[in-house]
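Accompanying notes for the structure given below.
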Amino acid sequence: MEVLVGVLGRAHGLDGAFVVQVRTDEPEQRFAVGARVRLDASGATAPSGVPAPKRCEVVRSSWVGSAFVVRFDWPNDRSTAEQCRGWRVWADVPDDAEPVDADEYHDLHLIGLEVRDQAGASVGQVVRVDHLPAQDVLAVSTPAGERLVPFVSALVPVVDVAGGYLVVESLPGLLDDGNADAR
């Protein structure tokens with residue numbers, strides 16, 4: 001399966017390196033020298049006259065202070081790199097690969113899970129995972145429409161991939177319109 005591992009940030013240096021906004025808990029593995037990734041320009045402006053390669057190879061990567069800097073085999077200059085800001089970086093991960101930590105999940109393992117409330121009633125299904133700067137968010141299809149749930153343990157205390165479900169806290173307005181019956 002293909003998973004989002006980063007977003008290209010500002011150019012770093014003159015040789016086409018980038019500061020990468022990391023979207024994986026395994027950056028040293030996903031951006032190891034020789035690793036193959038796919039750059040995706042959707043949602044960003046492509047450099048004029050320069051098509052994005054389907055696949056790139058990591059030439060070097062390292063932490064520079066708090067910034068993760070990666071140099072691929074493309075592009076080879078700063079001006080092209082500056083135009084690639086916002087491009088997504090995808091890596092192939094075996095379908096049966098398990099994340100390093102027990103409380104981590106690959107997107108494709110979460111998509112399709114049944115969403116239950118704390119009483120165990122089915123209230124929807126995970127349709128995608130959005131990777132926002134502050135945190136990941138689950139997009140949940142419910143009878144009331146799509147709802148966005150911050151993917152934090154306080155709101156999603158149970159994730160049972162093998163069982164095919166996760167539990168979301170029963171807070172008014174989180175998965176419904178917040179119109180709880182007054183008692």
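The values are calculated or read from the model by the stated rules, or taken from the named source; none is laboratory data. The shown structure was predicted, so the numbers you read here are calculated from the model rather than taken from an experiment. Cβ atoms come from the backbone with ideal geometry, glycine included; neighbour counts cover every protein chain shown.
Here are the numbers:
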{"quantity": "Qualifying positions in the range 94-126 - without any contact (Cβ under 8 Å) to a residue 60 or more places away in the chain and of a type in the set (D, E, K, R)", "calculated": "Asp96, Glu98, Asp103, Glu114, Arg116, Asp117"}
{"quantity": "Residue that is surrounded by 15 or more Cβ atoms within 10 Å (Cβ to Cβ), polar (S, T, N, Q) and at pLDDT below 85, where the choices are Thr45, Thr24", "calculated": "Thr24"}
{"quantity": "Contacts under 7 angstrom Cβ, first residue in the range 76-93 being more than 14 Å from Leu39 (Cβ to Cβ), partner β-branched (Val, Ile, Thr), 6 or more apart", "calculated": "Val93/Val3"}
{"quantity": "Filter result for the condition that a residue is of a type outside the set (D, E, K, R), modelled with pLDDT of 90 or more, farther than 30 Å from Ala11 by Cβ and surrounded by 18 or more Cβ atoms within 10 Å (Cβ to Cβ), over Val127, Val149", "calculated": "Val149"}
{"quantity": "Any chance Val161 is touching a His at 6+ places or on another chain (Cβ under 6 Å), without any contact (Cβ under 8 Å) to a residue 60 or more places away in the chain and surrounded by 13 or more Cβ atoms within 10 Å (Cβ to Cβ)", "calculated": "yes"}
{"quantity": "The one condition in (1) more than 30 Å from Gly16 (Cα to Cα); (2) loosely packed, with under 13 Cβ neighbours inside 10 Å; (3) among the polar types (S, T, N, Q) that Ser141 fails to fulfil", "calculated": "(2)"}
{"quantity": "Test for Val64: is it at pLDDT 95 or above and in the same structural domain as Ala17 (by TED's automatic domain parsing)", "calculated": "no"}
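Yes/no matrix, rows are residues, columns are (1) polar (S, T, N, Q); (2) more than 18 Å from Asp103 (Cα to Cα); (3) not in a strand (DSSP E or B):
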position	(1), (2), (3)
Val115	no, no, no
Ala119	no, yes, yes
Val123	no, yes, no
Val126	no, no, no
Ala134	no, no, yes
Val140	no, yes, no
Glu146	no, yes, no
Val149	no, no, no
Val156	no, no, yes
